[in-house]
Amino acid sequence: MLQVNRNKTSVTDHERNWRSYMQLPHLRDPLGKRYALCIADASSLISLVLYLKENGGSILLIHANTPLETARATMSDAGCAGLLFGDPTNFYANREQSVIADSEAKVYQFSSGTTGRPKLIGRSWHAINEEIAAYNEAIGLEAWSTPIVLTPVTHSYGLLCGVLASLARGAEPIIVTNANPKLTLGLIRDFPDHIVYGVPAQLQALAALSQPQPALRRLISSGMPMSLQQFELLSQSGCTLLQQYGCSEAGCISLSASMQSPHDLGVPLRQWNVSANGPVQEEHKQGMPAELVAESDGLTVRTGDLGLVNEDGSLTFVSRMDDVINVGGLKVYPLEVEEVIASMPGIKENVIYRGSHPVSGDKVKCMAVAEEAMMPEALREWCLKRLPAYKVPLDISFVTVIPKGATGKISRRQLEQEEAVQ
């Protein structure tokens with residue numbers, strides 16, 4: 001059925017888990033109830049998710065490393081009946097008056113909260129089943145292509161696309177929870193017809209470690225834009241690069257089955273119609289990016305991303321709307337500047353973010369990692385030959401490491417906030 005690292009879970013094991021859940025008082029009748037799940041063992045978690053899905057229960061997945069008190073507070077904020085912590089037998093009932101019953105079972109998650117207080121978002125199992133069917137149709141993989149899932153299954157990308165979509169097409173996913181890269185490389189070697197699910201930083205590390213063997217077959221990225229350096233490194237490995245694009249409210253919106261650039265978001269899944277409109281609609285008519293808006297069955301989702309809808313219907317990512325830098329009324333898209341800097345010899349990594357300026361309002365700031373000592377003037381001169389002056393970073397700092405989150409994601413907003421308090 002599935003495998004966690006080198007340990008297999010059979011259908012028989014899964015059925016045994018189900019029978020044990022039916023004996024637990026808190027899981028005997030899950031219909032209409034919300035459950036917060038904070039469970040480290042991926043095999044047990046997947047069995048529990050499928051059990052609750054089949055029996056009309058809603059779920060809220062919480063990262064397994066979350067402390068108990070934080071998990072209980074999250075459970076209460078989401079209106080769950082209780083929290084299963086560490087193991088399905090450990091149940092902490094919600095004694096508050098915040099318990100909410102669901103008329104339709106859903107998968108819940110909190111938004112990232114990068115632009116405000118995190119918001120609880122729920123999508124029905126029915127909508128998720130539709131997404132999985134459309135996703136498998138678009139990705140076009142056969143059952144014998146082995147999914148190797150590096151992202152946590154407490155995240156919708158790892159759970160829905162990496163595991164549940166794989167099970168739906170008859171594949172047996174391998175969930176990797178061991179941080180040792182040798183295990184992943186060994187699995188890739190053992191299953192040459194594979195597709196590896198990861199975020200850009202994970203895939204970059206994998207490609208760097210896999211030279212010259214084993215051969216990488218298919219790598220799929222999601223969760224954050226891929227940098228030019230990452231795209232070029234992965235492209236040089238000779239594998240097929242895929243990228244899926246979505247958001248909390250909608251799940252997977254589009255899929256590129258063969259990336260042509262780090263901005264390639266592919267074609268929307270069959271249930272979605274995506275347009276580029278919104279507050280900068282007139283600019284889009286002139287070939288400028290506008291907000292990507294996805295619509296399906298009466299649901300309208302404003303993604304908060306600036307992009308282009310090309311003539312063939314494919315999508316191109318340009319920037320998060322919140323990341324656009326306004327220099328005296330002129331817009332600067334960070335990815336454009338980052339790509340120019342990435343093409344400079346000796347630059348290993350860089351990030352462009354917003355700073356404050358007393359006259360122009362915003363200024364362009366750069367944090368970069370160089371292979372050898374480099375002066376800011378050299379980088380600025382490189383940019384001036386390739387960009388309009390207003391897009392060239394005014395402040396440049398060289399560091400040994402650019403701060404990243406647990407998933408390898410750089411938060412421009414966090415960098416901006418740190419500058420604000422300095």
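Of all the numbered requirements in (1) surrounded by fewer than 17 Cβ atoms within 10 Å (Cβ to Cβ); (2) free of Cβ contacts under 8 Å to residues at least 12 places away in the same chain, LYS331 misses one, and that requirement is (1).
What number of residues in segment 189-205 are touching a Ser or Thr at 6+ places or on another chain (Cβ under 7 Å), closer than 14 Å to ALA215 by Cβ and aliphatic (A, V, I, L, M)?
1
Of the residues making up segment 113-165, those that are touching a residue at least 60 places away in the same chain (Cβ under 8 Å) and loosely packed, with under 14 Cβ neighbours inside 10 Å are THR114, THR115, GLU137, GLY140. Name the single residue that is farthest from PRO173 (Cα to Cα) among those in segment 44-72 being β-branched (Val, Ile, Thr) and under 21 Å from the mean Cα position of the chain (by Cα). Only one residue fits best here, namely THR66.
Taken over segment 145-169, the criterion of being within 17 Å of HIS14 (Cβ to Cβ) and more than 18 Å from the chain's Cα centre (by Cα) is satisfied by LEU167, ALA168.
Each residue in segment 94-112 was checked for being small (Gly, Ala, Ser), over 14 Å from ILE62 (Cα atoms) and surrounded by 13 or more Cβ atoms within 10 Å (Cβ to Cβ), and 1 pass. Restricting the search to strands (runs of 3 or more DSSP E) fully inside segment 339-413 and requiring at least 1 residues that are more than 20 Å from ARG320 (Cβ to Cβ), hydroxyl-bearing (Ser, Thr, Tyr) and out of contact with any His (no Cβ under 6 Å at 6 or more places or on another chain) gives 395-398. ALA171 meets all of the listed conditions (1) in contact (Cβ under 8 Å) with a residue 60 or more places away in the chain; (2) at negative phi but one, namely (1). Among the residues of segment 1-43, none is identified as surrounded by fewer than 21 Cβ atoms within 10 Å (Cβ to Cβ), in a helix (DSSP H, G or I) and under 27 Å from the mean Cα position of the chain (by Cα). Filtering GLU142, GLU104, GLU172 for residues that are over 16 Å from the mean Cα position of the chain (by Cα), in the same structural domain as LEU61 (by TED's automatic domain parsing) and in a loop (DSSP other than H, G, I, E, B) leaves a single hit, GLU104. On inspection, PRO376 fails the criterion of being within 30 Å of ALA64 (Cα to Cα) and surrounded by fewer than 20 Cβ atoms within 10 Å (Cβ to Cβ). The residues of segment 181-199 that are under 20 Å from GLN243 (Cα atoms) and among the aromatic types (Phe, Trp, Tyr) amount to a single one, TYR197. Residue check: is PRO334 within 21 Å of the chain's Cα centre (by Cα) and either under 19 Å from VAL392 (Cβ atoms) or of a type in the set (A, V, I, L, M) (or both)? Criteria met by PRO334. Exactly one residue out of LEU167, LEU187, LEU160 is touching a helix residue (DSSP H, G or I) at 6+ places or on another chain (Cβ under 8 Å), aliphatic (A, V, I, L, M) and at pLDDT 90 or above: that is LEU160.
Do the conditions hold for TYR51, that is, is it in a helix (DSSP H, G or I) and of a type in the set (Phe, Trp, Tyr)? The answer is yes for TYR51.
The values are calculated or read from the model by the stated rules, or taken from the named source; none is laboratory data. All of these numbers come straight from a predicted model, not from anything done at the bench. Here Cβ is always computed from backbone atoms with ideal geometry, including for glycine, and neighbour counts include all displayed protein chains.
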